[in-house]
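The values are calculated or read from the model by the stated rules, or taken from the named source; none is laboratory data. Owing to the predicted nature of the structure, the values given are computational and were not obtained by experimental measurement. Cβ sites come from the backbone with ideal geometry, for glycine too, and all protein chains shown count toward neighbours. Ligands, DNA and RNA are excluded from the accessible area calculation, which covers all protein heavy atoms including side chains. Shrake-Rupley method; radii C 1.70, N 1.55, O 1.52, S 1.80 Å.
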Amino acid sequence: MMIAIVKYNAGNIRSVKNALDRIGLESVITDDPEILSSAEKVIFPGVGEAGTAMNYLRERGLDEVIVSLKQPFLGICLGMQLMCSHSEEKDTKCLGIFKERVCKFPPKGIVPHMGWNDFIKAEGPLFDGIASSDNMYFVHSYYAEVGEDTVGETDYLVPFTSALQKDNFYGVQFHPEKSAGVGQKLLENFLKI
């Protein structure tokens, strides 16, 4: 299976590759449109800032390539946020795959949301064999609002989207590559789609 990991000037790419290596699957980190288009699965990881990451995608034409892909596609953390319509982080227009908007957490608690959390709701093929009481690891200061594409929901200061799904596009706010066995299970579920 050919798995492409989108390179887009954001952090955390190596930890996703390492997680796939642990599962026994080879992957390639790339910003080459042809490789992304021909891959059987694409993973869009990220730790970083929305505006800078979107500029990198636009400069290389990857914004247009990503929205045109037909194979299973998984966005992680910032990768998921960039798949939404807009981010309050640097007032950034995003890819628009999902209609949900990305907002900054209200200043009424500790931000970033960092650590383990469970789900109010966890539905769909990514969550096969995963209970809503299972915990995933989160690190983020911005969140996607709950909307029509929400298949996972978590509460921290406000209820927010922890997973999105529309057609062949999936997104998770948490880091499955840092979420031990339950995170590996979610990655395996994605790879079976």
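With the dipole of the range 79-193 worked out from charges on the C-beta (+1 for Lys and Arg, -1 for Asp and Glu) around the Cα centre, which of 173, 159, 110 lies farthest toward the positive end?
Checked the options; the winner is 110.
Tell me, what is the per residue accessible area of the range 83-193 in Å², probe radius 1.4 Å?
43 Å²
Per DSSP helix of 4 or more residues, -39500 (n - 2.57); summed, then divided by the residues of the chain. What does that give at 222 nm, rounded to the nearest 500?
-7500 deg cm²/dmol
Note the full-extension length gain between residue 166 and residue 34 as 0.36 nm times their separation in residues minus their Cα-Cα distance, in nm to one decimal.
45.2 nm
Select from 68, 56, 30 the residue farthest towards the positive end of the dipole of the range 30-102; place +1 on Cβ of Lys and Arg, -1 on Cβ of Asp and Glu, and compute about the Cα centre.
68
Counting alpha carbon pairs within less than 8 Å and at least 6 residues apart, what relative contact order, in whole percent, applies to the chain?
Relative contact order comes out at 19 percent.
Using a 1.4 Å probe over the heavy atoms of the protein chains, calculate the carbon and sulfur portion of the accessible area of the range 90-189 as a whole percent.
Of all accessible area on the range 90-189, carbon and sulfur atoms account for 49 percent.
What is the chain by shape, rounded, prolate or oblate, if you read a ≥ b ≥ c off the alpha carbon gyration tensor as root eigenvalues and call it rounded for a/c under 1.5, prolate for a/b larger than b/c, and oblate otherwise?
Oblate, since a/c reaches 1.5 and b/c is not below a/b.
Applying 1/(1 + (r/R0)^6) with R0 = 35 Å to the Cβ-Cβ distance of residue 60 and residue 26, what FRET efficiency is obtained, to the nearest 0.05?
0.90
Report the relative contact order of the range 1-54, percent, no decimals, based on alpha-carbon pairs under 8 angstrom and at least 6 residues apart.
Value for the range 1-54: 54 percent.
Assuming a ≥ b ≥ c are the square roots of the Cα gyration tensor eigenvalues, decide whether the range 32-142 counts as rounded (a/c under 1.5), prolate (otherwise, with a/b larger than b/c) or oblate.
Oblate.
Diagonalise the Cα gyration tensor of the range 113-167 and give the resulting equivalent ellipsoid semi-axes, square root of 5 times each eigenvalue, largest first, whole Å.
Here the semi-axes work out to 17, 14, 9 Å.
Looking at this model, which pairs from 17/70; 93/166; 7/178; 121/166; 17/93; 121/185 are more than 24 angstrom apart at the alpha-carbon?
Cα-Cα > 24 Å for 17/93; rest within.
Treating only the Cβ atoms of Lys and Arg (+1) and Asp and Glu (-1) as charged, compute the dipole magnitude of the range 110-193 about its Cα centre; round to the nearest 20 debye.
I would put it at about 240 debye.
With a/c under 1.5 counting as rounded, go ahead and sort the range 82-143 into rounded, prolate or oblate using the C-alpha gyration tensor (a ≥ b ≥ c being the square roots of the eigenvalues; past the cut-off, prolate if a/b is larger than b/c, else oblate).
oblate
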